[in-house]
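Written out below as structure tokens is the structure these notes cover.
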Amino acid sequence: MNMYSKEQMQENILKVKEQIKDAARAAGRDASEITLIGVSKFFPAEYAKQAFELGLTDLGENRPEEMHEKKAVLDEQGICPNWHLIGTIQSRKVRLIVGEPYLIHSVDSVSLAKEISKRSSAKEITSDILLEVNVSGEESKHGFSKEELKASMEDLLALPNISLHGIMTMAPIQQQSGQAAKVFEDARALFDEMKHYGVDMNCWKEMSMGMSGDYKEAIACGSTFVRIGTAIFGKRDYPDPV
């Protein structure tokens, strides 16, 4: 894996930020409403450090161990980005990361939320989370179905030491134009519907939607976090669409 020069990475970041501004403008939105998360998964800590030094203050990781290790490396250098955990989390890995992420995007079950709540209570902290929803219904994707989320909200809202900030979803890799937009539109409708289930409206403000191939459609549908890896860091040694 060849590391990008600072100049090349800076060019990539600026290009993505400009495209976010253009997409926001086209949707009648202010680009300041949208946070760019640079997905540094599978890249070494040096990549994350370089991106932060170029102004990318929010970084995303898929695996708890990888985020924990990179955070430790950057902490030693006094570098403290907002870490976002965006990948699937096994309950037994929660102990590794509670208290570390700025935001956990991928809470896909009540049982996982309970484990985060328990570990957060033990540390006397509150963990900010998003609820992962499988809007597309693809078997390969994790997350609550729409019906499961509605049925689970009472239990989720009763858990101590977690704060629900919104939802996260992924669209299928587009086979035809408009396919991703339909998923994001459905996710936005579900996000709005959850406002009637007793969520704290001071917190329930975030939608994590959109990756390198579909973030413009996500912004048009109200996304507040876009998760961009390839367009900033380049292709990984592992096939991945983010």
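Taking the range 152-194, which residues are aliphatic (A, V, I, L, M), surrounded by fewer than 16 Cβ atoms within 10 Å (Cβ to Cβ) and under 20 Å from the mean Cα position of the chain (by Cα)? I'd like the intermediate steps shown before the answer.
Going residue by residue through the range 152-194, those that are aliphatic (A, V, I, L, M) are 153, 156-159, 162, 164, 167-168, 170-171, 173, 180-181, 183, 187, 189-190, 194.
If we keep only those that are surrounded by fewer than 16 Cβ atoms within 10 Å (Cβ to Cβ) too, we end up with 157-158, 173, 189.
Scanning the range 152-194 gives Ile173, Ala189.
For the residues Ser91, Ser117, the requirement of being among the small types (Gly, Ala, Ser), within 30 Å of Ala151 (Cα to Cα) and surrounded by fewer than 18 Cβ atoms within 10 Å (Cβ to Cβ) singles out Ser91.
Name the single residue that is surrounded by the fewest Cβ atoms within 10 Å (Cβ to Cβ) among those in the range 79-88 being within 18 Å of the chain's Cα centre (by Cα), of a type outside the set (Gly, Ala, Ser) and outside any strand (DSSP E or B). First the steps, then the outcome.
Within the range 79-88, the subset within 18 Å of the chain's Cα centre (by Cα) is 80-88.
Going one step further and asking which of them are of a type outside the set (Gly, Ala, Ser), we end up with 80-86, 88.
From what is left, the residues that are outside any strand (DSSP E or B) are 80-81, 86, 88.
On the way: Cys80: 12, Pro81: 21, Ile86: 30, Thr88: 16.
This residue is Cys80.
Scanning the range 3-56 for residues that are among the small types (Gly, Ala, Ser) and more than 15 Å from Phe233 (Cβ to Cβ), which turns out surrounded by the most Cβ atoms within 10 Å (Cβ to Cβ)?
Ala23
Is it the case that some residue within the range 56-72 is out of contact with any strand residue (DSSP E or B) (no Cβ under 9 Å at 6 or more places or on another chain), outside any strand (DSSP E or B) and under 23 Å from Gln8 (Cα atoms)? For the range 56-72, residues out of contact with any strand residue (DSSP E or B) (no Cβ under 9 Å at 6 or more places or on another chain), outside any strand (DSSP E or B) and under 23 Å from Gln8 (Cα atoms): absent. A count restricted to the range 103-135 and to residues that are modelled with pLDDT under 95 and under 15 Å from the mean Cα position of the chain (by Cα) stands at 1.
Taking the stated definitions as given, is Glu46 at pLDDT 95 or above and over 17 Å from the mean Cα position of the chain (by Cα)? Outline the logic, then answer.
Numbers: at pLDDT 95 or above: no; over 17 Å from the mean Cα position of the chain (by Cα): yes.
Judged against the criteria, Glu46 is not a match.
When you scan the range 86-95, do you find a residue that is modelled with pLDDT of 95 or more and of a type in the set (Lys, Arg), even just one? No: zero hits.
The values are calculated or read from the model by the stated rules, or taken from the named source; none is laboratory data. Keep in mind that what you see is a predicted model, and the values were worked out from it rather than measured. Backbone-built Cβ (ideal geometry, glycine too); neighbour counts: all protein chains shown.
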